[in-house]
1. Just to be sure before I move on: is His169 modelled with pLDDT of 90 or more, open to solvent by 30 Å² or more (accessible area, probe 1.4 Å) and either closer than 22 Å to Thr123 by Cβ or not in a strand (DSSP E or B) (or both) in the structure I sent?
2. Which of the residues spanning region 264-293 are within 24 Å of the chain's Cα centre (by Cα), open to solvent by 10 Å² or more (accessible area, probe 1.4 Å) and either among the aromatic types (Phe, Trp, Tyr) or on the phi > 0 side of the Ramachandran plot (or both)?
3. Pull out all pairs, ordered by first then second residue, where Cβ-Cβ is under 7 Å, the residues are six or more apart or on different chains, the first lies in region 176-193 and is more than 19 Å from His207 (Cα to Cα), and the second is at pLDDT below 85 and not in a strand (DSSP E or B).
4. Is it fair to say Gly157 is farther than 21 Å from Leu258 by Cα, modelled with pLDDT under 90 and not aliphatic (A, V, I, L, M)?
5. Say whether the condition of being touching a strand residue (DSSP E or B) at 6+ places or on another chain (Cβ under 6 Å) and in a helix (DSSP H, G or I) is met by at least one residue in region 43-66.
6. So is Leu130 at pLDDT below 75 and in a strand (DSSP E or B) or not?
7. Mind checking whether some residue in region 235-253 is of a type outside the set (A, V, I, L, M), within 21 Å of Asn136 (Cα to Cα) and at pLDDT below 90?
8. Which residue, of Leu13, Leu3, Leu26, Leu8, is among the hydrophobic types (A, V, I, L, M, F, W, C), modelled with pLDDT of 90 or more and either part of a strand (DSSP E or B) or open to solvent by 50 Å² or more (accessible area, probe 1.4 Å) (or both)?
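The values are calculated or read from the model by the stated rules, or taken from the named source; none is laboratory data. These numbers come from a predicted model, not from an experiment. We place every Cβ from the backbone using ideal geometry, glycine too, and count neighbours over all the protein chains shown. We work out accessible area using only protein heavy atoms, side chains counted, and drop any ligands, DNA or RNA first. Shrake-Rupley method; radii C 1.70, N 1.55, O 1.52, S 1.80 Å.
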Amino acid sequence: MRLKWLILILLTLEGISVAQQLTKRLILKDGSYQATTKWELKGDRVRYMSAERNEWEEMPKSLVDWDATGKYNSERAAGLPTPEAVELDKELEAERKADEVHSPHVAPGLRLPEEGGIMLLDTYQGQPQLIELGQNSSDLNRNMKGNILKGAVNPLGSAKQTMELQEEHAKVQAHATLPSIYVNLESQDQPSSPQETAKVQPWDRFHIVRAQLKQGKRIVGDVKISAIGKAKQEQKMVATTAVKLSGNWVKITPDKPLDPGEYAVVEMLGDEGMNLFVWDFGVNPNAKANLMATKPDSTDTATPAKP
């Protein structure tokens, strides 16, 4: 009985395949067509079997573009792609290129979000993952006690303030010691006037700094203020290489593996110094998995584009 049903299924599939192979088109002069399995000419009429309705229908043969009909059906019989298939391939390729501009691939199955942000490319248990870095506000600690003591010893000496992040560790911990950082804030904060456009900062203004742990906090920078009121910032910058990608994305990669510890992506604003808002992360190969990590999409088989 099982063999009987198998034979019946195979015959049904074969019948469907034959029907698909027999389906032809009568291409009309207005660009449309009628799907048919066969036709015959009767005077000034063409009689055809509709493949959609499985009924005989008629129309004036003068409506048919016979050259286009012959070309289409001969090419299909030869196994060549249909015009619709060719056009669809073009549309899909155009969409793929447009997506790649705004959402570049950074690893197989992983692409950057179109809406921008700051993303860290990590590797956890052999799998590449993308994690968004949240913005964190650093506080200015004026170190009043230390500055008062220093002023008593040297009244002309400089005062010191520290830029601090609360807690000892960032929420995001990279397992890879050579993570790549992808930055695109242009999509989130576009200039609204010519005056603001003129103030746009350089694309390579983002850097990585090493944070120092002190009394349960992370210090990402110091501000020294001289006796005449001139301020100077100091940070422990990590040597990095910045590469401009498509879609306003910038890739920042450390020049050498990072030691385990706490870090932050900072924005340098020219004469204004470092932005107090930073994007913090840590490096810890033994850390637990990042809960909000984006994992590769197995259905996305596109190859990451080279910078």
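1. On the way: modelled with pLDDT of 90 or more: yes; open to solvent by 30 Å² or more (accessible area, probe 1.4 Å): yes; either closer than 22 Å to Thr123 by Cβ or not in a strand (DSSP E or B) (or both): yes.
For His169, the condition - modelled with pLDDT of 90 or more, open to solvent by 30 Å² or more (accessible area, probe 1.4 Å) and either closer than 22 Å to Thr123 by Cβ or not in a strand (DSSP E or B) (or both) - is met.
2. The initial filter retains those residues of region 264-293 that are within 24 Å of the chain's Cα centre (by Cα), namely 264-267, 277-283, 289-293.
Filter once more, so that each one left must be open to solvent by 10 Å² or more (accessible area, probe 1.4 Å): 267, 277, 279-280, 289-293.
Result: Phe277, Trp279.
3. Qualifying pairs under 7 Å: Pro191/Thr197; Pro191/Val200.
4. Numbers: farther than 21 Å from Leu258 by Cα: yes; modelled with pLDDT under 90: yes; not aliphatic (A, V, I, L, M): yes.
Spelling it out, Gly157 is indeed farther than 21 Å from Leu258 by Cα, modelled with pLDDT under 90 and not aliphatic (A, V, I, L, M).
5. yes
6. On the way: at pLDDT below 75: no; in a strand (DSSP E or B): yes.
No.
7. Scanning region 235-253 turns up at least one residue that is of a type outside the set (A, V, I, L, M), within 21 Å of Asn136 (Cα to Cα) and at pLDDT below 90.
8. Working: Leu13 fails: modelled with pLDDT of 90 or more; Leu3 fails: modelled with pLDDT of 90 or more; Leu8 fails: modelled with pLDDT of 90 or more.
Selected residue: Leu26, the only one of Leu13, Leu3, Leu26, Leu8 that is among the hydrophobic types (A, V, I, L, M, F, W, C), modelled with pLDDT of 90 or more and either part of a strand (DSSP E or B) or open to solvent by 50 Å² or more (accessible area, probe 1.4 Å) (or both).
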